[in-house]
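Just so you know, all these numbers are worked out from the coordinates, no wet-lab data involved. Everything numeric here is computed off the predicted structure, so don't read it as measured data. Here the Cβ is made from the backbone with ideal geometry for all residues, glycine too, and neighbour counts use every protein chain on show.
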Amino acid sequence: MEENLDAPIIVSACLAGMMTNYLGESFSHPAVEKLVKDGKAIPVCPEQLGGLTTPRRPAERIGNRVVTDNGIDVSQQFRNGAREVARLVELTGARIVILKSNSPSCGVGWTYDGTFTEKIIEGDGVTAELLRSLGVKLLTEEDL
């Protein structure tokens, strides 16, 4: 993919102050909000793009699957959302994506372990994994 220095940054919508996390809350981050306000970033929620509602049941990644705390497999919705974000990256030429840490969708390098005990393990969320395979630079709010 060709480098586009004017391309927007894609950011997790919850970091931009949007009420998109599974509880219908945000994880607002001032630097991310400023990027959006300045027109330099586009907020997205992969889980919503994949067809999940907000609020929704908490979900965690278990291997290649994503399962809610009551045992419902939502892997397909997570994969669909990841593909939609990848499509947005392609359409905009974005080379940097800032994602919510530890999320089963957006986690970069670390995610919850699937036991719903808040234990973190090494590994990417579904969207982060796909974007990494496409060579996109991934950051989290912890990198800002």
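General remarks:
Residue-by-condition table, conditions (1) without any contact (Cβ under 8 Å) to a residue 24 or more places away in the chain; (2) under 16 Å from the mean Cα position of the chain (by Cα):
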{"site": "N70", "(1), (2)": "yes, no"}
{"site": "A86", "(1), (2)": "no, yes"}
{"site": "T92", "(1), (2)": "no, no"}
{"site": "K100", "(1), (2)": "no, yes"}
{"site": "S103", "(1), (2)": "no, yes"}
{"site": "L130", "(1), (2)": "no, yes"}
{"site": "E142", "(1), (2)": "no, yes"}
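- Pick from the range 125-139, criterion closer than 16 Å to T92 by Cβ and either in contact with a Phe, Trp or Tyr (Cβ under 8 Å, 6 or more places away or on another chain) or not hydrophobic (A, V, I, L, M, F, W, C) (or both), ranking: surrounded by the fewest Cβ atoms within 10 Å (Cβ to Cβ): G135
- Residues of the range 1-35 satisfying the condition of being surrounded by fewer than 20 Cβ atoms within 10 Å (Cβ to Cβ) and assigned to a helix (DSSP H, G or I): P30, A31, E33, K34
- Inter-residue pairs, beta-carbon under 8 Å, first touching a residue at least 40 places away in the same chain (Cβ under 8 Å) and in the range 12-30, second exposed (fewer than 14 other Cβ atoms within 10 Å of the Cβ), 6+ apart: C14/E25; H29/L144
- Test: G51 is surrounded by 13 or more Cβ atoms within 10 Å (Cβ to Cβ), out of contact with any Ser or Thr (no Cβ under 6 Å at 6 or more places or on another chain) and on the phi > 0 side of the Ramachandran plot: yes
- Qualifying residues in the range 77-110 (those that are at positive phi and in contact with a strand residue (DSSP E or B) (Cβ under 8 Å, 6 or more places away or on another chain)) - the one surrounded by the fewest Cβ atoms within 10 Å (Cβ to Cβ): G109
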